[in-house]
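Inspection log for the structure reproduced underneath, given as structure tokens.
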Amino acid sequence: MNKIIQRIANTIVANLANTEAIGLFNGKIGVCLFLYKYSQYSGCKIYENIASELLDDILSQLRPELSPSALDGVAGVGYALTVLLREGFLESSPDDDVFHYIDEALLSDVRTSLMKELHAPVSLCSSGIYLLSRISFRLDEVENVWITGVIENTRLIIRTSIQNKDSLKLSLLNSMLYVFCGLYNKLEINKIGIEKILRDLLNISEQTLSEHKYQDIDIILFKQNLMRLPLLFEREGMQLLKSVESLVSFSDMDSMNFWYDNLWWDILYDLSVFENISLVNLETYINEKIQEAFYDDMIVNSKLSAIGLWLMKKEV
């Protein structure tokens, strides 16, 4: 696998000018995360130098009008920064003003962030995703008012949905399950509030499933997130798992193309979504994608970065 990952890294570097967006799933911060990790993996500092320059470029592009999303906006940048800091790729915060900007954008006004994403094509609780990564990096820097804000505003959206009988997209429910299962495990405070949110999420999931407000990848992620529930929700979780098993899939979930298109979810949620993917034809498939990198106008660098991160994770 070493040679494959090296080819991925070199292809990305050669093709770097074609990556213009800054997001995690679709742009520079995802590439940056891969290059930092590959520098450590390979022992070659040149990739760290490239990643460092790329990070400076990303931070200079942070603007109020950017999407708050963890997919393509501010939360994705914040998530990647906390990963790099927590794992020692950066010695200290790149700039205290940067974290202050991200904290203000996502945690000081949680309601605005959540409402912006509520009707997005892929809805997420990005403020919560960023908060969870912030807690995982350095809990003592996280203000209680931020935690309270994420809990209260998320609960407001859920309760409004229940009252209006308006189901939420499964992508949003997935991200909320991920966030609040994580917060439940990491925090000693606000346990009751988190339990109420988890119970509400499980209650409204049936309606979302019945109304087919999901993509196939959402079903896979939902099953994985249900298995993260605290033990007190084991019965409800098992019932939902049985409901999910009966759903018809319209995608070949074991295909290489499905793996390639959705691999960033495995990275973001730290799951093992694609453990059953066949490795027999992996090298041939990746080589084909590398060949496409020089004329494919899609976000190939970002997807190659996800492959590189996934392969390195499998070797740990």
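The values are calculated or read from the model by the stated rules, or taken from the named source; none is laboratory data. In this text the structure is predicted, and so the values were computed from the model without any measurement. Positions of Cβ are backbone-derived with ideal geometry, glycine not excepted, and every protein chain shown enters the neighbour counts. Ligands, DNA and RNA are excluded from the accessible area calculation, which covers all protein heavy atoms including side chains. Shrake-Rupley method; radii C 1.70, N 1.55, O 1.52, S 1.80 Å.
Global dimensions of the stretch 106-169 from alpha-carbon coordinates: Rg and Dmax equal 12.4, 39 Å. Using all C-alpha to C-alpha distances in the stretch 188-305, build P(r) with 10 Å bins and read off the rounded percent in each one. Answer for the stretch 188-305: a P(r) of 11, 35, 30, 17, 8, 0 percent.
A 1.4 Å probe run over the stretch 7-90, with the rest of the protein chains in place, finds 38 Å² accessible per residue. Along its three principal directions, the equivalent ellipsoid of the stretch 68-209 from the Cα gyration tensor extends over semi-axes of 26, 16, 13 Å, largest first.
Expressed per residue, the C-alpha convex hull volume of the stretch 5-129 stands at 105 Å³.
Converting phi to 3J(HN,Hα) with the Karplus coefficients 6.51, -1.76 and 1.60 and the offset θ = phi - 60°, the stretch 300-310 yields 5, 4, 5, 6, 5, 4, 4, 4, x, 5, 5 Hz in sequence order, with x at every glycine or proline. Normalised by 2.2 N^0.38 Å, where N is the number of residues, the alpha-carbon radius of gyration of the stretch 86-141 equals 1.26. Taken over the stretch 46-86, the percentage of Cα pairs per 5 Å bin, counting from 0 up to the bin with the maximum distance, is 6, 21, 28, 27, 14, 4, 1.
For the chain, the carbon plus sulfur part of the accessible surface works out to 48%, probe radius 1.4 Å. Sparse packing (at most 12 other Cβ atoms within 10 Å of the Cβ) combined with a DSSP loop state is found for the following chymotrypsin sites (Phe, Trp or Tyr not before Pro) in the stretch 213-271: PHE250. Sorted from longest to shortest, the spans of the Cα atoms of the stretch 163-220 along the three principal axes equal 36, 27, 12 Å.
Size descriptors for the stretch 126-255 (Cα atoms only): Rg and Dmax, in that order, 14.9, 45 Å. For the stretch 230-274, how big is the tail of P(r) above 11 Å, as a whole percent of Cα pairs? In whole percent, the long-distance tail amounts to 73. Taking 4 °C and 1.567 mPa s as conditions, the stretch 19-63 diffuses translationally at an estimated 124 µm²/s according to Stokes-Einstein applied to its Kirkwood radius (Cα pairs). Across the cross-link table entries LYS116/LYS303; LYS186/LYS289; LYS191/LYS303; LYS37/LYS169; LYS37/LYS191, which are compared at the Cα atoms, the separations over 29 Å belong to LYS186/LYS289; LYS191/LYS303; LYS37/LYS169; LYS37/LYS191.
Only Lys, Arg, Asp and Glu carry charge here, each on its Cβ (+1 for the first two, -1 for the last two); on that basis the stretch 85-232 has a dipole of about 780 debye about its Cα centre.
What the Cα atoms of the chain give is an Rg and a Dmax of 19.3, 56 Å.
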